[in-house]
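Take a look at the structure below.
The values are calculated or read from the model by the stated rules, or taken from the named source; none is laboratory data. For clarity, every value in this text was computed on a predicted model and none was experimentally measured. Every residue, glycine among them, receives a Cβ derived from its backbone with ideal geometry; neighbour counts consider all protein chains shown.
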Amino acid sequence: MAKHKKKISKPTPNPKDSKKDPIESKPEDTPEIESAEPPNNPPTEPETNQAENSEKDRKLNKLFWLRVSLAIIAGTIATFIFEEIEGEERRWASIGFMIIVFAGTVVIAKGMKMQLPSSDRKKIVTQGIGSYIFLYLFTWIVTYTLVHSGSASSGINL
C-alpha cells in the first residue's frame, strides 16, 4: 500500500490565500497491510471423497429424471381420470393429484438413502421441483387440448 503525504497548512480566510504552498509535509500513519493469505480455519464439514460425491450426484440426477418422467406421465393421466369432473373442481383435483404424486417422489427419494450433508437435506424436496410443476401443467394442458379439440365449438377445425 502506498504511503501518501498529508498536506498540513493553516486555514485560509480569503480565497486568494489558498494558492500558497503548504507549510510542511509529514507522512501519514498507515496501518500495516494484512496478509493476502486466508487464515487456516478448519473445515466445518468433513471432506468427502470423489466416489461419495459422484454417488450423491448420480442419485440426485436419478431423482431429477424420475420427477421429470412422472410429471409427464401424471399430467397425461390427469386428463383422463378427471374427465367426469367439471369446471373449477377439475382444476383443483388435478393440482391435488400433482401434489400427491410429488409427495410420492419424496418418499422414493428418502428410500434411496442418499448420504447428504445436513446443509443439503432440502435437496430431497427441491431437486427438480420447478421442472416437475411446469412439465406436469404443460403436459396436462396439451393433452387436454388435444383430446378435446374436436369436440369444442371454437371455430377451429382440425
Inset, instruction - Check segment 58-67 and report whether any residue there is touching a residue at least 12 places away in the same chain (Cβ under 8 Å), surrounded by fewer than 12 Cβ atoms within 10 Å (Cβ to Cβ), over 19 Å from L137 (Cα atoms) and of a type in the set (D, E, K, R). - result: no
Inset, instruction - Kindly list the number of the only condition in (1) under 23 Å from K62 (Cα atoms); (2) surrounded by 13 or more Cβ atoms within 10 Å (Cβ to Cβ); (3) without any contact (Cβ under 8 Å) to a residue 60 or more places away in the chain; (4) of a type in the set (K, R) that fails for R90. - result: (1)
Legend entry - Positions within segment 88-111 being touching a helix residue (DSSP H, G or I) at 6+ places or on another chain (Cβ under 6 Å), modelled with pLDDT of 95 or more and of a type in the set (V, I, T), in sequence order: V101
Legend entry - Residues satisfying the stated conditions in segment 114-130, i.e. basic (K, R) and assigned to a helix (DSSP H, G or I): K123
Inset, instruction - Test K110 against the stated conditions and say whether it is exposed (fewer than 12 other Cβ atoms within 10 Å of the Cβ) and either without any contact (Cβ under 8 Å) to a residue 60 or more places away in the chain or assigned to a helix (DSSP H, G or I) (or both). - result: yes
Inset, instruction - Only residues that are over 19 Å from H148 (Cβ atoms), in contact (Cβ under 8 Å) with a residue 60 or more places away in the chain and among the small types (G, A, S): list them for segment 69-87, please. - result: A71
